[in-house]
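Below: one structure, written as structure tokens.
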Amino acid sequence: MTEFNRSAIKSKAAAACGWNFIVLMSRQGKIRLSEFFSSYTESQKKRILRDITGDVLPRQAKMCNIIEKGEYKFIYRRYASLYFVVGAPVEMNELIVLEQIHLFVEALDGYFNSVCELDLVFSLHKSLMILFEMFIAGMLCESNRREVLQQIVEAEEMVEEMSKAGEDTSSQLDDGLSFQEQFQLGRKPGARGPRGNR
């Protein structure tokens with residue numbers, strides 16, 4: 001086997017380890033959380049979200065929850081009124097992805113005490129903190145739910161200690177959020193603290 005073939009196999013195996021994106025969507029098709037771990041243009045992201053809405057929502061409950069779409073596949077699971085849709089490479093094992101989705105839902109349930117759509121709407125930054133504590137670049141890095149929740153509690157305590165009385169502490173957590181996510185939270189993108197200065 002040549003050196004070229006070995007490196008191609010290794011890069012293909014590495015690409016098959018993680019998610020390309022995750023989207024949390026309501027039954028009505030409203031996107032509640034979306035995070036892209038691979039590089040996509042805005043038009044590609046819109047097309048992917050449109051494909052998810054068009055392909056996943058009309059499916060019956062007893063239909064297969066894996067949809068192949070070219071270089072990736074949608075693997076989804078429905079919990080109450082929310083769809084958890086993951087875009088994974090075609091080479092990735094679907095059962096592992098379903099288990100990873102379930103781990104993420106268990107972590108959200110542990111933090112929010114039975115997560116619902118409103119928790120995602122009003123606490124998007126906390127949902128993203130849990131996601132980023134568990135997954136780095138789309139790969140599962142921490143599968144212990146207790147450890148994930150402990151890290152989130154410690155981060156919140158640190159923010160509480162650093163904040164002054166009467167200051168909006170959630171604005172200090174916005175450093176890792178994109179402009180779209182800050183807008184979804186009802187904040188002026190890029191604004192920090194009560195004055196809105198950078």
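The values are calculated or read from the model by the stated rules, or taken from the named source; none is laboratory data. Computed from a prediction, not measured in an experiment: that's the story for all the values here. All Cβ positions, glycine included, derive from the backbone under ideal geometry; neighbour counts span all protein chains shown. Note: areas computed on protein heavy atoms with side chains; ligands, DNA, RNA excluded. Shrake-Rupley method; radii C 1.70, N 1.55, O 1.52, S 1.80 Å.
Things worth noting here:
Yes/no matrix, rows are residues, columns are (1) open to solvent by 40 Å² or more (accessible area, probe 1.4 Å); (2) within 23 Å of Lys46 (Cα to Cα); (3) in a loop (DSSP other than H, G, I, E, B):
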{"position": "Val86", "(1), (2), (3)": "no, yes, no"}
{"position": "Leu108", "(1), (2), (3)": "no, no, no"}
{"position": "Leu118", "(1), (2), (3)": "yes, no, no"}
{"position": "Ala155", "(1), (2), (3)": "no, no, no"}
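- Per-region count, region 154-168, residues touching a helix residue (DSSP H, G or I) at 6+ places or on another chain (Cβ under 9 Å) and either modelled with pLDDT of 90 or more or farther than 23 Å from Cys116 by Cα (or both): 4
- Exactly one residue out of Gln60, Gln100, Gln150 is under 22 Å from Ser39 (Cβ atoms), polar (S, T, N, Q) and either open to solvent by 40 Å² or more (accessible area, probe 1.4 Å) or not in a loop (DSSP other than H, G, I, E, B) (or both), and it is Gln100.
- Residue in region 72-84 that is among the aliphatic types (A, V, I, L, M) and open to solvent by 30 Å² or more (accessible area, probe 1.4 Å) present: yes
- Checklist (1) of a type in the set (Lys, Arg); (2) more than 19 Å from the chain's Cα centre (by Cα); (3) closer than 24 Å to Leu124 by Cβ applied to Arg32, failing item: (2)
- Only listed residue being in a helix (DSSP H, G or I), open to solvent by less than 50 Å² (accessible area, probe 1.4 Å), over 25 Å from Cys116 (Cβ atoms) and touching a residue at least 12 places away in the same chain (Cβ under 8 Å), chosen from Asp55, Asp51: Asp51
- Among the residues of region 120-147, those that are of a type in the set (D, E, K, R) and open to solvent by less than 60 Å² (accessible area, probe 1.4 Å) comprise Lys126, Glu142.
- Residues in region 121-151 that are of a type in the set (Val, Ile, Thr) and at pLDDT 90 or above: Ile130, Ile136, Val148.
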